[in-house]
Structures are given as structure tokens and as C-alpha cells.
Amino acid sequence: MRERIENIELSIRKISEKAREQDKCVRFDIGQPSFDTPEHVKKAAADGIVEQKQGYTSVTGIEKLRKAIVEEEGLKQKTGPKNAELSKENVMVATGGMGAIYSVFAAMLDSNKEAVFNDPCWGPYKLMSEVNGNQWTQVEYFDGEELRDEAKQEMKDAELVVVNTPSNPTGRMLTEKQAKNIGKFCEENDVMLLSDEVYHRLNYGKTHYSPAAYCENSVVIGSVSKNHAMTGWRIGWVVGREDDIENFAKVARGATACPPKPSQIAALEALENDSHVEEMRQVYEERRDLLVERMNELGWDFQMPEGAIYAFPEVKEDSWDFCLDMIEEGVAMVPGEPMGPESDQNVRICFGSTTKEEINKAFDILEEEL
Ligand SMILES: Cc1ncc(COP(=O)(O)O)c(C=O)c1O
């Protein structure tokens, strides 16, 4: 076994294993929608299996889906890469947003090259780097609207800057100024920017701004997993410059040949007939509002979740101790510590996977315990 792989410790697994043992635990730790995939999407996939030949597709995905992804990106006020007139040639369908991100890391990052992640960030960026064998560092990006000097220092010498809006784990969204600042900085310093926008349709009264719109050397990551309640179908994508897409496709060919065809058919239906997104978004917004009310009642400090399905409050004690204790009481949350050096007293709460009743139940327990 390669030492690099043997040394990887999947620490968050401790939480889900413990939560599963606990009867009637409220599962704020699960990062996926409580909704099932919409019926019309499942039906389209089932019909597609019967009516179409189920061979491999092109490594970059079926043409209609690539075109639908161009339309989906067009829903944003602006998207990247800057100056690209997007067509299907700018799109590679991938096996999940994760497959898309991994193909970028593997194509771009040699073992001596570094990726920069925000503090806090979604844990798997680090895992993917460990598997790929590239260097990575983590630094808090912004002080208000401006990039921090320390962040600029790290970014200047890096090969790839990763930014995620709306953010997992904080639920924060980049302002227009922040998007411009980070996009322009990458452009001026000739660093590739990866903008992970897999939650772009789940926002609560805020406009989504893509930093990739300000940087030619950039890629945008998308996915049907969360926006369309399709985590298990494993369909995501990368949008980038044509030459870059060709190189990402080499990685994808070496890994999976193509994403599963039935899932691509399902994703096409989800993107073309997408009224379910707004229905689910409204439910998430109600849950977000309730969660914010209950966190305020507890006196917790947190940044207002503006998008995605997460909040990241500060609990003022070691995040691992807190989470392991609270599971015993029936509330499962994810410790912030693995998400960044400055986050060891924060916990991630996913309101996408719980009902309002469950949120109330969990906070009644927390109120009693704290
Ligand atoms: C920030 C972020 N990016 C990417 C992904 C990958 O999503 P998927 O591989 O399910 O498309 C996730 C999933 O949790 C995520 O939270």
C-alpha cells in the first residue's frame, strides 16, 4: 500500500459511526438533502434505460446535457471563465462535482505544486490533494471585502486557488466585491482559480457572484447533487477553457471512461424541468430561519448562512469534545477542527437533512444541556 494513502485518516467517520449507534439521534452531520430525487427525474432515467442503448457516452458527457449545463451556467448573473463565450466545448460532465474537482487537481497539480484553500473549507479538498499527492495550504481569504495580505502571499506562489460560494461549511456567499477581488488577483498573478459553485441555486435572498467571471484562467464546478436532491446519481461538471477541458478529460478517461449514462439522462431532465429546485429552496429557507432563531436563543456566535444548507456556529469549546458529548445526548454535528486551523471551536450544522421538527427537537436538547 502507498504510504500516502495509508496515512490518510478519515476522522469525520467517527461522528457518523457514533451517530448511527445512537437511537433517534438528530442527524445534523449528514451533508445531503432530506428530499428524494423528484419523481419526473427518476421516470426520465427509467424511460431512458428502456428506450436508449446503454453504452459508454463520450468522456465529456452526452451532448444535450453539456448544452443544458451551458444554459444552467447562464442562469448566473455572470460566470467564468472571463471572456469565454460558453458552448458545450467548455463543459465536461463528470462523476459528481468531486470527480470534476479531482480531474482538475490531477491534471494541474504535480507533487511540488500547491493548492490554496480558504479557512474554513470543505474537507475533501484536502483529501483529494492527499490522494493526488500535491501540496496544499489553508489561509483565511478575506477581511471584510478585501483579500488579507497573508492570503495574497500564499496565493501568489500557488498553482491553484480554490474558492467555494455558497460555502460549505459556513453558508456564506461572496459579495460582488469579494468575487471581483479574488478573481482579479488570480488573473494578475497568473494563478488558476477553481470556483466551486455546487450550491449556486440554494441561496436565501442574496445574488450569486462567480469569481471566475473576473479571471480568464479559471474553472467553475457544478453539480446536480444538492440543488436537485440527486447526491447518489453522481453527476457534476467542470466548465473551463476548451484546451483545459481536453486535459481534464484525459484524467476522467483514465479514471472512469465516462459518467454513468442513466444518471446523465436523469441530470438532463432535472436541468430542463427544474421547478423542484425553487420548491426545495423555499423549504431550506424556512429551516434556515428557524435554525438562526434557535442559535440566537442559545447565544451562539455565527455568520448568517446566506446559501447552501449549512451553519457554522462557534461553541466556545473544543469542537471534537463538544460533538462527541452532544451525540450522546441525541444531536449529531460535525466538528470544525478538520475544516481549518481557526475553526477548532466551531461545529457544522446541516439543515438540508433535517425537518423543522427535528431542528426544534435538537435545540430543545442543546438548550437543556448548555
Ligand atoms: C463544497 C462542495 N463541493 C463539491 C461537492 C461535491 O458534490 P458531488 O460530488 O456530490 O457533486 C460537495 C458535496 O458535499 C460540496 O459540499
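The values are calculated or read from the model by the stated rules, or taken from the named source; none is laboratory data. The structure presented is a predicted model; accordingly, all values stated were derived computationally and were not measured. When we count neighbours, we look across all protein chains shown, and the Cβ atoms used for this are built from the backbone with ideal geometry, even at glycine.
Tabulated results
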{"item": "Flag for E73 being closer than 22 Å to K180 by Cα, in a helix (DSSP H, G or I) and in the same structural domain as H200 (by TED's automatic domain parsing)", "result": "yes"}
{"item": "Filtered residue count, region 299-357, keeping only those that are part of a helix (DSSP H, G or I) and either surrounded by fewer than 16 Cβ atoms within 10 Å (Cβ to Cβ) or more than 16 Å from the ligand (Cβ to nearest atom) (or both)", "result": "16"}
{"item": "Residue satisfying condition, being free of Cβ contacts under 8 Å to residues at least 12 places away in the same chain, outside the structural domain of I15 (by TED's automatic domain parsing) and on the phi < 0 side of the Ramachandran plot, within set A115, A46, A107, A100", "result": "A46"}
{"item": "Residue ID - nearest to G307 (Cα to Cα), chosen from residues in region 238-285 that are of a type in the set (S, T, Y) and in a helix (DSSP H, G or I)", "result": "Y284"}
{"item": "Enumeration of residues in region 215-237 that are buried (at least 24 other Cβ atoms within 10 Å of the Cβ) and over 24 Å from N273 (Cβ atoms)", "result": "C215, S218, V219"}
{"item": "Residue within region 195-211 that is within 11 Å of the ligand (Cβ to nearest atom), in a strand (DSSP E or B), assigned by TED's automatic domain parsing to the domain that holds P260 and of a type in the set (S, T, N, Q) present", "result": "yes"}
{"item": "Within region 108-129, tally of residues that are over 18 Å from the mean Cα position of the chain (by Cα) and surrounded by fewer than 20 Cβ atoms within 10 Å (Cβ to Cβ)", "result": "5"}
{"item": "Filter result (modelled with pLDDT of 95 or more, under 14 Å from D243 (Cα atoms) and aliphatic (A, V, I, L, M)) within region 79-110", "result": "L86, V91, M92, V104, A107, M108"}
{"item": "Of all residues in region 160-179 being buried (at least 18 other Cβ atoms within 10 Å of the Cβ) and either more than 16 Å from the ligand (Cβ to nearest atom) or assigned to a helix (DSSP H, G or I) (or both), the one that is farthest from the chain's Cα centre (by Cα)", "result": "Q178"}
{"item": "Qualifying residue in region 221-237 (condition: assigned to a helix (DSSP H, G or I), in contact with a helix residue (DSSP H, G or I) (Cβ under 6 Å, 6 or more places away or on another chain), away from the ligand (no atom under 16 Å from the Cβ) and touching a residue at least 24 places away in the same chain (Cβ under 8 Å))", "result": "no"}
{"item": "Residue within region 35-54 that is touching a strand residue (DSSP E or B) at 6+ places or on another chain (Cβ under 6 Å), buried (at least 19 other Cβ atoms within 10 Å of the Cβ) and at pLDDT 95 or above present", "result": "no"}
{"item": "Filter result (within 12 Å of the ligand (Cβ to nearest atom) and more than 15 Å from L194 (Cβ to Cβ)) within region 97-123", "result": "P120, G123"}
